[in-house]
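For reference, the structure discussed in these notes is given below.
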Amino acid sequence: MADPQWYWCLAHRRVEPYEACRAADRLGPFPTADEAAAALDTFQRRNAEYDLEREREQADSDGFLGTGLGRRDSADEPQR
């Protein structure tokens, strides 16, 4: 038998096994219930790391770390 996998259920806001809720309502799988319980913190940390990495990459391309200067969004483009 395979090791159980654990999920953080967004609907119930608790740790649940695979069989509990539909996939659209959960984060995971995680190898332990403790890791599943920390899912929201883990995702928040990873998102912050990703945002910082993206900001650094942008700074490499335009030379303005964290200022937003030199960046152009599609909303800045003239309408044609």
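The values are calculated or read from the model by the stated rules, or taken from the named source; none is laboratory data. Note that the structure is predicted; figures quoted are calculated from it, not measured. Heads up, the Cβs are rebuilt from the backbone with ideal geometry, glycines too, and the neighbour counts pull from every protein chain shown. All accessible areas refer to the heavy atoms of the entire protein, side chains included, with ligands and DNA or RNA removed. Shrake-Rupley method; radii C 1.70, N 1.55, O 1.52, S 1.80 Å.
Given the criteria surrounded by 14 or more Cβ atoms within 10 Å (Cβ to Cβ) and more than 18 Å from the chain's Cα centre (by Cα), does A33 qualify?
yes
Counting only residues that are among the acidic types (D, E), over 30 Å from V15 (Cβ atoms) and open to solvent by less than 90 Å² (accessible area, probe 1.4 Å), which one in region 48-75 is modelled with the lowest pLDDT?
Applying the filter and picking the extreme gives D62.
From R45, R26, which residue is exposed (fewer than 12 other Cβ atoms within 10 Å of the Cβ) and of a type in the set (K, R)?
Answer to the selection: R45.
Output the residues belonging to region 13-22 that are over 15 Å from D3 (Cβ atoms) and either open to solvent by 70 Å² or more (accessible area, probe 1.4 Å) or touching a Gly at 6+ places or on another chain (Cβ under 8 Å) (or both).
Listed by number, the residues that qualify are R13, R14, R22.
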